[in-house]
Amino acid sequence: MAAAAAEMVWMRVLEEGVFRFDASEAARAAAGPSLSFADPRQREAAREGSDAPAVVPACEAAPEGGAQKVVLKLPSGTSFYGTGEASGPLERTGKRVFTWNTDAWGFGPGTTSLYQSHPWVLAVLPDGKALGVLADTTRRCEIDLREESTIKFSASAAYPVITFGPFNTPADVMTSLSHAIGTVSMPPKWSLGYHQCRWSYDSSEKVLKVVRTFREKGIPCDVVWMDIDYMDGFRCFTFDSKRFPDPKSMVDNLHSIGCQAIWMLDPGIKKEEGYFVYDSGSTNDVWIQKADGSPFVGEVWPGDCVFPDYTSEKTRAWWASLVKDFISNGVDGIWNDMNEPAVFKTTTKTMPESNIHRGDADIGGVQNHSYYHNVYGMLMARSTYEGMAMGNAAKRPFVLTRAGFIGSQRYAATWTGDNLSNWEHLHMSLPMVLQLGLSGQPLSGPDIGGFAGNATPKLFGRWMGVGALFPFSRGHTETGSIDHEPWSFGEECEEACRLALLRRYRLLPHIYTLFYHSHTKGIPVATPVFFADSQDPELRKVETSFLLGPLLVCASTLPNKGAHECAHKLPKGIWLPFDFADSHPDLPVLYLRGGAILPVGLPIKHVGEASLEDDLSLIIALDENGKAEGVLFEDAGDGYAFTQGDYLLTHYTAELHSSVVTVKVFKSEGSWKRPKRNLKINILLGGGAMISADGVDGEEIHLTMPPESEVSSLVATSELEHKKRLEMIRPIPDIDEPSGQEGAELSKIPVDLKSGDWLLKVVPWIGGRIISMTHLPSDSQWLHSRIEINGYEEYSGTEYRSAGCTEEYKVIRRYLEQSGEEESICMEGDIGGGLVLQRQISILKDNPKTVQIESSIQARSVGAGSGGFSRLVCLRVHPTFTLLHPTEVVVAFTAINGSKQEISPESGEITFEGDLRPNGEWMLVDKCVRLSLVNRFDPSEVSKCMVHWGTGDVNMELWSEERPVSKDTPLRICHQYEVRQTN
């Protein structure tokens with residue numbers, strides 16, 4: 001029995017407005033060390049003060065250190081964000097997330113566990129103030145936001161909860177959070193250019209050809225990536241002697257044309273005597289162990305692998321020394337993949353939770369895998385980062401990690417994992433990047449164009465348009481897909497991509513400045529639009545626009561509408577549109593906030609082309625008082641001299657007096673001497689119109705504003721020219737691949753199946769639902785259904801209405817009752833990630849009293865990205881039956897253990913698992929009419945059964961096990977219905 005909810009004990013920590021809550025003093029003493037805090041001691045040290053928490057969570061804790069559930073009730077109208085790397089909408093109210101790092105190839109909007117864990121919620125209160133809540137546990141944690149204005153955390157052992165605020169703005173909360181978990185490491189400037197990757201560029205020649213093509217076509221690019229095929233048989237820290245015979249020479253050639261090289265390292269080390277990494281790891285005793293003390297062996301790309309135990313400082317030092325030697329080959333950056341850790345051919349997609357980590361005492365000591373699973377990727381990234389720093393102390397390490405934990409931004413950038421080449425994933429990429437920023441990880445982006453599958457020209461061009469403005473900008477695609485370089489989709493798409501990336505490079509001075517602010521103050525680089533006005537409730541759900549400081553980026557994720565054709569919600573105040581004469585139907589629309597000065601650079605093809613002596617431009621949007629201000633951070637672009645003051649931070653101001661605008665340097669910081677360079681001033685007037693003046697940076701520049709009538713004329717002319725320009729541009733053609741679906745077109749007429757004792761009506765276009773199931777001899781309609789609700793549905797996850805329930809189903813086969821054939825229909829629905837949910841409904845020829853429904857989740861085009869296995873899926877059969885006589889019905893069955901069960905409506909919701917499951921048959925009994933609807937199934941296909949009583953209906957659900965599927969291992973449940981007379 002769980003204890004009743006009680007207020008938690010609290011103490012002040014870190015700084016004013018930050019509090020730690022524990023279930024009890026004993027729970028506080030028993031809590032493990034923090035891995036999220038940059039300095040774990042800050043979570044343990046009480047600070048003095050007179051402030052008290054505005055919100056005190058309530059806690060339910062099971063006795064003897066069992067599961068702990070924490071509940072925070074906030075004012076009605078509170079909006080929730082954060083939860084880390086999460087798919088689905090930006091506003092998280094109504095959602096549930098489980099922090100359990102998972103290789104989630106083919107994830108969808110309803111997937112509840114992705115590659116990273118951030119047990120963190122940012123709550124924006126009705127008055128615009130904000131509160132941050134961190135459940136500081138490394139264990140699997142449920143974040144439940146399904147109840148309005150209520151946060152619930154639940155994990156298997158006691159943990160502290162840290163609250164930040166309420167503070168005046170969400171930005172204030174993020175700054176306070178950064179004082180706890182640290183800020184993003186200042187990235188090398190080249191890493192903010194565009195990155196090109198695929199699985200895999202299979203030789204040195206191919207790599208160089210791709211980069212040279214970027215240069216020849218005038219498309220900016222700064223980084224090329226080497227996926228696993230550069231290795232010798234997928235052995236980490238090796239190179240294929242035929243395809244990459246001289247990696248150092250290849251990298252020298254890349255550097256000569258201004259391109260950097262990043263190489264992949266996975267945690268799975270091939271178990272092979274004679275392989276130097278395996279031998280040295282075994283000698284140093286660094287492998288994760290099974291419960292019996294022997295090294296755990298799991299299959300990944302090289303076959304049987306062992307895994308370094310990064311929870312031990314000894315192992316991290318061993319790995320760092322390998323990295324240090326590795327970068328001498330000309331390695332500019334390292335990509336840590338598969339580090340959830342992913343393990344092939346297992347239902348959990350990872351190693352057993354019973355495995356043992358010999359962790360250092362200061363992070364938790366010896367624990368099983370369930371304790372360290374969520375921080376494994378972060379600790380690997382930390383080891384890689386430290387190895388790169390050892391290899392070249394004069395350069396800032398660049399590490400990209402797939403798996404992470406809150407705080408991993410201290411060591412690595414991240415991306416949103418193995419997404420799909422479709423419009424839904426283009427749309428999801430915006431809120432996913434914003435959520436990561438709101439969870440402390442500002443340096444992130446998606447695989448532009450989608451990793452799995454083939455992009456179409458319009459999809460790729462549109463994705464590049466917005467992806468070029470994400471903090472981390474990389475195109476990437478999987479093996480077996482078509483080419484996904486910017487020139488691979490025709491001239492129109494190539495031109496849109498060129499314009500998009502040239503735009504990014506013009507904005508690099510601003511983006512680099514934002515990263516300096518993020519590094520020093522913890523503010524995300526890309527923020528939701530509501531950061532401009534957190535009191536405006538209409539901004540809180542906007543997820544096709546985002547802010548880069550005072551720059552508003554308005555994109556479109558609709559196939560048939562460009563950003564310029566969409567209605568964008570702008571925050572209150574002055575927002576002036578502008579571009580670089582690069583407007584295009586498939587690029588986002590840009591606005592600058594009134595009162596802001598935006599520094600921009602020259603058009604360049606790679607970061608190395610730019611120098612501090614280059615001319616600058618300032619784009620200025622005056623506020624209603626005729627004023628504006630902006631800031632520019634400059635340094636060497638790499639190294640750490642900036643931490644010793646070797647930088648230039650310039651604060652520019654503009655002010656209108658008597659029709660003259662004066663632009664000047666208000667103040668400067670840092671010891672870097674201002675270079676002699678020209679400064680172009682562009683003052684926005686509205687409608688894209690501007691007036692310009694030239695001067696010298698550091699000197700006052702004066703610009704006379706034209707009279708009001710001339711301003712109106714300039715604005716009207718600019719708007720007309722902009723419209724004409726858009727009309728003249730050749731749009732990217734909308735060429736979609738054929739679906740490849742065999743069989744008939746989608747029917748809009750319900751399908752009747754009538755034979756023997758049964759008449760069924762099926763609606764393929766709404767979740768493939770059976771909406772009527774009539775037993776003809778008794779004239780009984782069993783299903784509780786209308787076209788728009790309930791009836792017979794199936795889901796591809798444990799969440800109600802998960803991916804699959806709203807998909808259109810296509811009829812792929814239909815057999816009518818003729819020539820003695822059975823009546824049947826077979827339908828499929830695409831549930832994403834290369835999976836289909838297939839259902840065949842049959843009235844059996846040899847037993848016309850029986851309806852048979854055979855359901856399966858099948859892998860059709862699951863890529864090799866997860867060893868040919870899909871994300872975790874669960875086949876959930878969800879029929880709802882009408883209760884004609886609610887007080888006279890029961891669900892009855894004999895369990896596998898032989899016990900007789902009879903469940904009445906008063907029981908609410910009950911789940912039966914293990915030996916308590918029905919022994920292959922259960923029935924809904926209507927005692928009034930003396931009829932029973934019998935449901936038969938194979939218990940080996942069903943892991944649990946659930947009964948949920950409503951007021952006039954009941955759900956009798958069948959659930960498969962939850963596991964990944966491959967083409968050879970579908971999930972399947974075949975069950976039958978029959979009506980019997982009862983006494």
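The values are calculated or read from the model by the stated rules, or taken from the named source; none is laboratory data. These numbers were taken from a predicted model, which means no experiment stands behind them. A quick note on method: Cβ atoms are made from the backbone with ideal geometry, for glycine too, and the neighbour counts reach across all protein chains shown. The protein model used for the area step is the full one, side chains on, heavy atoms only, and it has no ligands, DNA or RNA in it. Shrake-Rupley method; radii C 1.70, N 1.55, O 1.52, S 1.80 Å.
Computed in the context of the full set of protein chains, the accessible area of the chain at 1.4 Å probe radius has 49% of its extent on carbon or sulfur.
Here the scattering of the stretch 383-423 is modelled by Debye summation over its C-alpha atoms, one equal scatterer each and no solvent; at q = 0.14, 0.18, 0.23 Å⁻¹ the log10 of I(q)/I(0) is -0.41, -0.58, -0.77. Taking R0 as 41 Å, what's the FRET efficiency between Ala393 and Ala29 from their Cβ-Cβ distance, rounded to 0.05? Step by step, r from the Cβ atoms, then E = 0.55. Once you charge only the Cβ atoms, +1 for Lys and Arg and -1 for Asp and Glu, what is the size of the charge dipole of the stretch 16-92 about its Cα centre, to the nearest 20 debye? For the stretch 16-92, the charge dipole is close to 100 debye.
Quickly estimate the mean residue ellipticity at 222 nm for the chain, helices only: each DSSP H run with n ≥ 4 gives -39500 (n - 2.57), and the total goes over all residues, rounded to 500.
Numbers: 14 runs with 165 residues, N = 983.
Helix contribution divided over all residues of the chain: -5000 deg cm²/dmol.
P(r) for the stretch 391-527, please, calculated from all Cα pair distances in 5 Å bins and given in %. Result, from short to long distances: 2, 11, 19, 21, 20, 14, 9, 4, 1 percent. In this structure the amide hydrogen of Ser780, modeled in the peptide plane, comes within under 5 Å of the amide hydrogens of His775, none closer than 5 places in sequence on its chain.
Write down the accessible area per residue of the chain in Å², having rolled a 1.4 Å probe over the full set of protein chains. List each step's numbers first, then the result.
Working: 35690 Å² over 983 residues.
Dividing the accessible area of the chain by its residue count gives 36 Å².
You can think of it this way: the chain between Lys927 and Val366 has 196.1 nm of extra reach, that is 0.36 nm per residue less the Cα-Cα gap.
Using all pairs of distinct alpha-carbon atoms, the Kirkwood hydrodynamic radius of the stretch 831-931 works out to 17.0 angstrom.
Computed across the stretch 75-231, the Kirkwood radius stands at 18.6 Å (inverse of mean 1/r, all Cα pairs).
A cut-off under 14 angstrom between Cβ atoms defines the neighbours of Lys673, and their net charge, with Lys, Arg +1 and Asp, Glu -1, is -3. Report the Rg/Rh value for the chain, based on alpha-carbon coordinates and the Kirkwood definition of Rh. Taking Rg over the Kirkwood Rh, I get 0.99.
Over all other residues within a Cβ to Cβ distance under 10 Å of Thr111, the charged ones net out to 0, with Lys and Arg as +1 and Asp and Glu as -1. Taking all C-alpha pairs of the stretch 645-709, those more than 17 Å from each other amount to 47 percent.
In the stretch 287-411, taking the dipole from charged Cβ atoms about the Cα centre, the farthest positive-side position among Phe296, Ser312, Ala403 is held by Ala403.
If you model the stretch 32-92 as an ellipsoid using its alpha carbon gyration tensor, with each semi-axis the square root of five times an eigenvalue, the axes come out at 24, 18, 18 Å, biggest first. In the stretch 297-449, the alpha-carbon atoms span a convex hull of 137 Å³ per residue. Each part gets one Cα centre, and for the stretch 356-390 versus the stretch 655-719 those centres are 52 Å apart. Suppose each label sits 7 Å from its Cα in the direction of the beta carbon; what would the Phe666-Ser241 distance come out to in nanometres? Distance between the two pseudo-spin positions: 6.4 nm.
So if I take the alpha carbon set of the stretch 897-976, get Rg, then get Rh from the Kirkwood formula, what is the Rg over Rh ratio? List each step's numbers first, then the result.
Working: Rg = 14.1 Å, Rh = 14.0 Å.
Taking Rh as the inverse mean 1/r over Cα pairs, Rg/Rh reads 1.01.
Filter the GluC sites (Glu not before Pro) in the stretch 139-214 to those in DSSP coil with at most 13 other Cβ atoms within 10 Å of their Cβ, and list the result. Here the sparse-neighbourhood loop sites are Glu147, Glu148.
Quick one: pull the percentage of alpha-carbon pairs in the stretch 210-321 with a separation above 21 Å. Before the final figure, lay out each step's value.
Numbers: 2986 of 6216 pairs.
Everything past 21 Å amounts to 48 percent.
Taking every C-alpha pair closer than 8 Å and separated by at least 6 residues, the mean separation divided by the residue count of the chain gives a relative contact order of 9 percent. Straight Cα distances below 20 angstrom link Lys927 to the lysines Lys900, with same-chain residues fewer than 8 positions distant left out.
Over every pair of different alpha-carbon atoms in the stretch 111-152, take the mean of 1/r and invert it; report that Kirkwood radius in Å. Display every interim value, and only then the final one.
Numbers: mean 1/r = 0.0850 Å⁻¹.
11.8 Å is the Kirkwood radius here.
The local environment of Gln289, defined by Cβ-Cβ distances under 13 Å, has a net charge of -1 under the rule Lys, Arg +1 and Asp, Glu -1. Residues whose amide H comes within less than 5 Å of that of Phe405, counting only those at least five positions distant or on another chain, are Ser117, Met378 (H built at 1.01 Å from N in the peptide plane).
Backbone geometry of the stretch 581-590 corresponds, through the Karplus equation with coefficients 6.51, -1.76 and 1.60 at θ = phi - 60°, to 3J(HN,Hα) couplings of 6, 10, 4, 7, x, 9, 10, x, 8, 10 Hz, x marking Gly and Pro.
The ellipsoid that matches the Cα gyration tensor of the stretch 117-207 has semi-axes, each √(5λ) in whole angstrom, of 36, 20, 14, with the longest given first. Could you list, in their original order, any pairs among Lys152/Lys541; Lys605/Lys967; Lys95/Lys810 whose Cα atoms are separated by more than 32 Å? In this structure, Lys605/Lys967 exceed 32 Å between Cα atoms.
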